[in-house]
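Reading through the structure tokens given below for one structure.
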Amino acid sequence: MNNAQGRFSTRGGLPLLLSLLLASPLVAADWPGFRGTGGIGISADMKIPTSWNDTTNLKWKLALPGKGFSSPIIVGNKVLVTCYSGDVGGLKRHLVCVDRRQGKVLWSKAVASAVRETGGASFGTQHGFASHTPVSDGERIYVLFGKTGVLAFDLEGKQAWAASVGTEVSRFGSAASPIVYKNLLIVTASAESKSVRAFDRKTGKEVWKTDAASLDRSYATPVIAKNAMGRDEMLLSVTYETWSLDPATGKLNWYAETEVDTNACPSVVVHENVAYVIGGRSPGGRAAIRLGGSGDVTKTHVLWSKTGGSYVASPVFHGGHLYWLNDRGIAFCVDAKSGEEVLKKRVGGQFYASMLLLNNQLVAVSRFGGTRILAASPKMTQVALNKLSDTSDFSGSPAIADGQMILRSDKFLYCIEGK
């Protein structure tokens, strides 16, 4: 099924791209966006404890002003997280900045909806209106607030700019997180306008916009990877296809057909010039695609394509295997070379948060059943099950920096730290 051909249009301001070589001031210890640096969900931090509860290895706990499925990010000693309060008639979104060492609010910004939001189908919009994880370049924090648009704040909470990304209605709401690429902020505005857009991150001026009808059911956060020829590609999963875009211009490099049906939520992961994509629900699919192609690469660059994926949570790559837990509580270990299942077992619970690889262990946060620590090996043996007394929804993915793990629920923000 060719969703991209003939329905893919791009407009751009190429002269603005001459300044793309600006370096980012982020430090290595930061966790600047969804799934950390590079969007791969991997940390080598040796200090994070494998067990915790309300009284053990919990450094601080902070009440949040609203709900949210977004993940926290870490910039230096600041933790930033979004949430929302109110309903479609009086909705507010909040950006909260917290001192990572003390667990105290440094500043908080409440942004009222610029236009009335749409509730949508209750079964499809349980995640509400704060599912986009913020991203930072070390100078500013960028948030996507649905129909209200994209906003940029400095590290002290002063708004720098705002830009609209459309006000269309999607039945299942909006979820993809913005990413930073050189001097650009790239936003997948699938729900708001069936488009991907790039803005100058200093001024908020739109640099390019790519429209495609099949973005309607894509909720995936794009990732940037360098192909074997040294060129950057932006990988994005959509229903029944995976796309590679030029992140500097928004132009389509290639597309490949996949078995990702229903919705495309998980992010692509890349290892050694191969993009691994999972997604869909009934039953979904998974595929491995070699980077560096042009046009339709389904027959030339797809290494394997199989049935069976993950509805929401993104995978991690480790030791020649792909690992994930799906929304039905089933753990998968897949051989990355062949795509065959090495392990498929039920562990219970429901998982919307994406898996984190922490050294040789997998961290999987379930919505209501605690956080499982599993061995990062084909048997996925459980090491620990950690529960807090908070019975609200844990659907945000964890953030890691400097010996601390930051978790969020619908009610609280937590800092896990070993003594």
**Rg and Dmax of region 31-417, Cα atoms only, in Å** = 19.2, 55
**Asked** In the neighborhood of Val223, defined by Cβ-to-Cβ distances under 10 Å, what is the net charge if each Lys or Arg adds +1 and each Asp or Glu adds -1?
**Response** 0
**Nitroxide proxy distance, nm - points 7 Å out along Cα→Cβ at Met229 and Lys61** = 5.5
**Asked** When DSSP beta bridges are limited to those with both residues in region 31-417, what percentage is antiparallel, rounded to the nearest 5?
**Response** 95
**Request:** Report the label-to-label distance for Lys337 and Gln382 in nanometres (one decimal), using points 7 Å from each Cα along the Cα→Cβ vector.
**Result:** 3.2
**Complete:** Taking a crude spin-label model, label points 7 Å out from Cα along the C-beta direction, the Arg346 to Thr307 distance in nm is 2.0
**Complete:** For the chain the mean separation of alpha carbon contacts under 8 Å (6+ apart) over residue count, i.e. relative contact order in percent, is 17
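Bear in mind these aren't lab numbers, they're just calculated from the coordinates by the rules spelled out. Note that this is a predicted model, so its numbers are computed, not measured. Heads up, the Cβs are rebuilt from the backbone with ideal geometry, glycines too, and the neighbour counts pull from every protein chain shown.
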